[in-house]
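S.K.: This is the structure I have questions about; it appears just below.
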Amino acid sequence: DQHARLNLRQSLWKLRKECSQQLVCADNSHVWLCRENSYLVDIWEIEKADFDSLTLSQLSELLSLYKGEFLPGKRQEWVEIQRTYFEKIFCDGVEILLEQCEEEENWHTMIRWAERWIALDIVSEIPYRALMKAHANLGDLANVRRVHGRCERDLEHALAMKPSNSTNNLYNTLVGLN
């Protein structure tokens, strides 16, 4: 414990010496990024935004700040809690963006963002449904079938479950099985 504190103090001293502004704040038991400074932290920008008040372009630009998983490879409980929180904020924003894409019939943007969401979270069916809608509206029923099959495989693999009735009903409607 004493050795760890000494290493931390030395690391903080080196960081403060190298930087023109104080990036890191600390007390006897905690270390954190100082929010008062003029640097960009992706999730802070996303977290403070009012998604509903942004245009599609503004929301797309904002969500593009998100650089992915928080502390990749780390499995401590506090990291997992923060990671889940950050991913939820991002996915909430993407869900609103996908709704705006559908309203504006911006199918290519809808595909790009739905794929980005799936890359982060394969168990949410919302982006799969968005992908199927976008491909159907582009007249690409082969990709509608491919996306539905991918959803089935991903959910089976991750949760040993099948897609929900909402997803299956949308699929059947889009490919003309209803």
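The values are calculated or read from the model by the stated rules, or taken from the named source; none is laboratory data. Being a predicted model, the structure only gives us computed values, none of them experimental. Every residue, glycine as well, gets a Cβ built from its backbone with ideal geometry; the counts of neighbours run over all protein chains shown. Accessible surface areas use protein heavy atoms only, side chains included; no ligands, DNA or RNA. Shrake-Rupley method; radii C 1.70, N 1.55, O 1.52, S 1.80 Å.
S.K.: Return yes or no: is Val94 over 20 Å from Thr173 (Cα atoms), touching a helix residue (DSSP H, G or I) at 6+ places or on another chain (Cβ under 7 Å) and of a type in the set (A, V, I, L, M, F, W, C)?
M.R.: Values: over 20 Å from Thr173 (Cα atoms): yes; touching a helix residue (DSSP H, G or I) at 6+ places or on another chain (Cβ under 7 Å): yes; of a type in the set (A, V, I, L, M, F, W, C): yes.
Here the answer is yes, as Val94 does meet what is asked.
S.K.: Which residue is farthest from Glu104 (Cα to Cα), if the candidates are limited to segment 40-62 and must be in contact (Cβ under 8 Å) with a residue 24 or more places away in the chain and among the small types (Gly, Ala, Ser)?
M.R.: For segment 40-62, the residue satisfying everything is Ala49.
S.K.: Also, I was wondering about something else. Can you name the residue in segment 149-166 that is out of contact with any helix residue (DSSP H, G or I) (no Cβ under 6 Å at 6 or more places or on another chain) and open to solvent by less than 20 Å² (accessible area, probe 1.4 Å) and is also nearest to Lys67 (Cα to Cα) among such residues?
M.R.: Step one: of segment 149-166, the residues out of contact with any helix residue (DSSP H, G or I) (no Cβ under 6 Å at 6 or more places or on another chain) are 149-150, 152-160, 162, 164-166.
Those still in the list that are open to solvent by less than 20 Å² (accessible area, probe 1.4 Å) too: 149, 155.
On the way: Gly149: 28, Leu155: 25 Å.
Taking the candidates together, the pick is Leu155.
S.K.: If we keep just the residues of segment 15-72 that are among the acidic types (Asp, Glu) and part of a helix (DSSP H, G or I), which is modelled with the highest pLDDT? Break it down into steps so the answer makes sense when it comes.
M.R.: Of segment 15-72, the ones among the acidic types (Asp, Glu) are 18, 27, 36, 42, 45, 47, 50, 52, 61, 69.
Next, only the ones that are part of a helix (DSSP H, G or I) stay: 18, 42, 45, 47, 52, 61.
Numbers: Glu18: 68, Asp42: 72, Glu45: 82, Glu47: 85, Asp52: 90, Glu61: 94.
Checked segment 15-72; the qualifying residue modelled with the highest pLDDT is Glu61.
S.K.: Additional query: Quick check on Ala114: is it open to solvent by 60 Å² or more (accessible area, probe 1.4 Å), of a type in the set (A, V, I, L, M) and under 24 Å from Asp42 (Cα atoms)? Give the steps one after another, and end with the answer.
M.R.: Details: open to solvent by 60 Å² or more (accessible area, probe 1.4 Å): no; of a type in the set (A, V, I, L, M): yes; under 24 Å from Asp42 (Cα atoms): yes.
The answer is no for Ala114.
S.K.: Kindly check whether there is at least one residue in segment 134-148 that is in contact with a Cys (Cβ under 6 Å, 6 or more places away or on another chain) and open to solvent by less than 20 Å² (accessible area, probe 1.4 Å).
M.R.: Start the filter on segment 134-148 by keeping residues that are in contact with a Cys (Cβ under 6 Å, 6 or more places away or on another chain), which leaves none.
No, that holds for no residue.
S.K.: Anything in segment 70-98 that is surrounded by fewer than 13 Cβ atoms within 10 Å (Cβ to Cβ) and either in contact with a strand residue (DSSP E or B) (Cβ under 6 Å, 6 or more places away or on another chain) or touching a residue at least 24 places away in the same chain (Cβ under 8 Å) (or both)? List them, or say none.
M.R.: Asp92
S.K.: Same structure again: Of the residues Glu102, Glu80, which single one is closer than 24 Å to Asn137 by Cα, not hydrophobic (A, V, I, L, M, F, W, C) and not in a loop (DSSP other than H, G, I, E, B)?
M.R.: Working: Glu80 fails: closer than 24 Å to Asn137 by Cα.
So the residue among Glu102, Glu80 that is closer than 24 Å to Asn137 by Cα, not hydrophobic (A, V, I, L, M, F, W, C) and not in a loop (DSSP other than H, G, I, E, B) is Glu102.
S.K.: I've got another one for you. Give me the pairs: first residue in segment 136-155 and of a type in the set (S, T, N, Q), second residue assigned to a helix (DSSP H, G or I), beta-carbon distance under 7 Å, and six or more apart or on different chains, which are they?
M.R.: So the pair list comes out as Asn137/Trp107; Asn143/His135.
S.K.: Quick check on my filter: what residues within segment 117-143 are at pLDDT below 95 and in a helix (DSSP H, G or I)? Before the answer, list the steps.
M.R.: Step one: of segment 117-143, the residues at pLDDT below 95 are 119-123.
Within segment 117-143, Ala119, Leu120 meet the criteria.
S.K.: Does segment 149-171 include one or more residues that are farther than 26 Å from Leu54 by Cβ, at pLDDT 95 or above and of a type in the set (Phe, Trp, Tyr)?
M.R.: Within segment 149-171 (the criterion being farther than 26 Å from Leu54 by Cβ, at pLDDT 95 or above and of a type in the set (Phe, Trp, Tyr)), the answer is yes, since at least one residue qualifies.
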